[in-house]
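No lab work stands behind these numbers, since they all come straight from the coordinates. Note that this is a predicted model, so its numbers are computed, not measured. FYI the Cβ positions are ideal-geometry reconstructions off the backbone, even for glycines, and counts take in every protein chain you see.
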Amino acid sequence: MSSIKGPAPPPTKLDGSPLRVAIVHSRWNKEVIDALVAGTISKLKEQGVKEHNIIVQSVPGSFELPLACSKVISGSHVQAGATATDLLGGLSFGTSTPRPATPAGGSSAMFANMPSQPFDAVIAIGVLIKGSTMHFEYICESVSHALMRVQLDTGVPVIFGVLTALTDDQALERAGLGRGANKGHNHGEDWASAAVEMASHSRRWSEGKF
Ligand SMILES: Nc1c(NC[C@H](O)[C@H](O)[C@H](O)CO)[nH]c(=O)[nH]c1=O
Ligand SMILES: CC(=O)[C@@H](O)COP(=O)(O)O
């Protein structure tokens, strides 16, 4: 029997082309993480987000995600307000498209592709797999609450891309890497769609448009 689970599509078609999105991922359980990050990036692009507006940063484990998301959001505001002089001084964000070296006294044309907007959404990606101690429960609980807090405190959508799996197979299936006949579904694609939708809504709602 097929399942009724899963997100319904948004009521209107969304356009990711004006959006700037950060992906912050942990490195624990890397095989699953890599697939989820790839699925997320591919869906963001499919929805129109430009490659140079997708920034990827990594942290050791899921426990590090909330602080990293908070810092990435505040740093993007600093970056968006930065002057050419700041940028010549090396202010950067490790973008997926590396910034070319700028000679001293570089021209303003060199900054044409510099980000001028903070992140519209952040996607936090982690893979927690239950072990033999209470480690899993503590991290699941604290990280989910903290990521919620970051989005409410900053007003920037933080997408909950953290798998909380009881077994390796559960994690693999949620990254489209299932070992059985059913490969499962890559949830990174859903997180990308949620990011584009929430970022678009947030922009509109902030302008009082409903
Ligand atoms: N067991 C998992 C962890 N543990 C590591 C913590 O997240 C953290 O990096 C460490 O305690 C240092 O603060 N992280 C995962 O992402 N997934 C796990 O299954
Ligand atoms: C601190 C740890 O990462 C580790 O001791 C947790 O163990 P487990 O995943 O078996 O609960």
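Among the residues of region 191-204, is there at least one that is over 15 Å from LEU19 (Cβ atoms), within 16 Å of ligand 1 (Cβ to nearest atom) and part of a helix (DSSP H, G or I)? Looking through region 191-204, none of the residues is over 15 Å from LEU19 (Cβ atoms), within 16 Å of ligand 1 (Cβ to nearest atom) and part of a helix (DSSP H, G or I). For region 127-150: of the residues being aliphatic (A, V, I, L, M) and within 16 Å of ligand 2 (Cβ to nearest atom), which is surrounded by the fewest Cβ atoms within 10 Å (Cβ to Cβ)? Only one residue fits best here, namely MET134. If you go through region 148-164 one residue at a time, how many are more than 13 Å from ligand 1 (Cβ to nearest atom), within 25 Å of GLU189 (Cβ to Cβ) and not hydroxyl-bearing (Ser, Thr, Tyr)? Final tally of qualifying residues: 8.
Of all residues in region 115-143 being assigned to a helix (DSSP H, G or I) and either of a type in the set (Gly, Ala, Ser) or in contact (Cβ under 8 Å) with a residue 40 or more places away in the chain (or both), which is farthest from ligand 1 (Cβ to nearest atom)? It would help to see each step written out before you state the result.
Of all residues in region 115-143, those assigned to a helix (DSSP H, G or I) come to 135-143.
Imposing the further condition that a residue be either of a type in the set (Gly, Ala, Ser) or in contact (Cβ under 8 Å) with a residue 40 or more places away in the chain (or both) reduces the set to 139, 142-143.
Working: ILE139: 5, SER142: 10, VAL143: 8 Å.
Filtering region 115-143 for residues that are assigned to a helix (DSSP H, G or I) and either of a type in the set (Gly, Ala, Ser) or in contact (Cβ under 8 Å) with a residue 40 or more places away in the chain (or both), the one farthest from ligand 1 (Cβ to nearest atom) comes out as SER142.
Scanning region 1-34 for residues that are surrounded by fewer than 20 Cβ atoms within 10 Å (Cβ to Cβ) and touching a strand residue (DSSP E or B) at 6+ places or on another chain (Cβ under 6 Å) returns a single hit, ARG27.
Filter region 49-83 for residues that are within 16 Å of ligand 2 (Cβ to nearest atom) and not in a helix (DSSP H, G or I); which is nearest to the chain's Cα centre (by Cα)?
Of region 49-83, the ones within 16 Å of ligand 2 (Cβ to nearest atom) are 59-65.
Subsequent filtering for residues that are not in a helix (DSSP H, G or I) retains 59-61.
Values: VAL59: 13, PRO60: 16, GLY61: 15 Å.
Per the criteria, the residue is VAL59.
Kindly establish whether ILE159 is under 22 Å from MET198 (Cβ atoms), of a type outside the set (Ser, Thr, Tyr), away from ligand 2 (no atom under 16 Å from the Cβ) and in contact with a Gly (Cβ under 7 Å, 6 or more places away or on another chain). So ILE159 fails the test.
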